[in-house]
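The structure appears right after this line, and notes come after that.
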Amino acid sequence: MKREELLKRVLDCCRPRRVILYGEKFVVDGHDVKSADLCIILDHCNKTELLRKLYLKINMPIPVQFLLYQTDEWLELLRDSGSYASAIEKKGTVLYGETSEG
């Protein structure tokens, strides 16, 4: 599984401001990815509908988990250095969008 292919499929489903890879597990004896966790930040969305769409449309050979935030919600959470959003911001890999918000 390639990050680029996963990102392309996400971008086919929505128009995010940013996509951050915040979790990736690899097989023990190689470099093959066995699961991925993506944080998607959007200006406006119906999270329930978008999650349903992402899980139905993105058919990857590995488990992929999505975490959705609206932009205003994300920026507010970044103000709290102890929030999960702050941890994702610090340690995640930006796949799409600017490398730093706010």
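Put a plus charge on the Cβ of each Lys and Arg, a minus charge on the Cβ of each Asp and Glu, and nothing anywhere else: the dipole of the chain about its Cα centre is then about 300 debye.
For the chain, relative contact order (Cα pairs under 8 Å, six or more residues apart, normalised by length) works out to 34 percent.
For the chain, the spread of Cα coordinates along the three principal axes comes to 39, 28, 20 Å, biggest extent given first. Mean residue ellipticity, 222 nm, helices only, the chain: the sum of -39500 (n - 2.57) across DSSP H runs of n ≥ 4, divided by residue count and rounded to 500, is -10500 deg cm²/dmol. A simple packing score, the average count of other Cβ atoms within 10 Å per residue, orders the peptides 83-92, 33-42 as 33-42, 83-92, with the highest score first.
Give me the percent of accessible area attributable to carbon and sulfur for segment 34-102, probe 1.4 angstrom.
Values: 2060 of 4280 Å².
After summing per-atom areas, the C and S share lands at 48 percent.
The HN-Hα couplings worked out from phi for segment 33-42 by the Karplus form 6.51 cos²θ - 1.76 cosθ + 1.60 (θ = phi - 60°) are 7, 10, 6, 9, 10, 10, 9, 10, 10, 10 Hz, whole numbers, x standing for Gly and Pro.
Return a single number: how many Lys pairs in the chain, at a sequence separation of 8 or more or on separate chains, have alpha-carbon atoms below 16 angstrom apart.
Values: K2/K25; K2/K34; K8/K53; K8/K57; K25/K34; K25/K91; K47/K57.
Going through the chain pair by pair, I get 7.
The heavy atoms of T48 offer some 90 square angstrom of accessible surface to a 1.4 angstrom probe.
Overall shape: oblate for segment 40-92, with the ratio a/c of the largest to smallest alpha carbon gyration tensor axis at 1.5 or above and b/c at least equal to a/b. Simple rule: put +1 on each Lys or Arg Cβ and -1 on each Asp or Glu Cβ in the chain, find the dipole, and look at A85, I41, N59; the Cα lying farthest toward the positive end is N59.
The values are calculated or read from the model by the stated rules, or taken from the named source; none is laboratory data. Remember, predicted model here, so these are calculated numbers, not experimental data. Here the Cβ is made from the backbone with ideal geometry for all residues, glycine too, and neighbour counts use every protein chain on show. Side chains included, ligands, DNA and RNA excluded: accessible areas come from the protein's heavy atoms. Shrake-Rupley method; radii C 1.70, N 1.55, O 1.52, S 1.80 Å.
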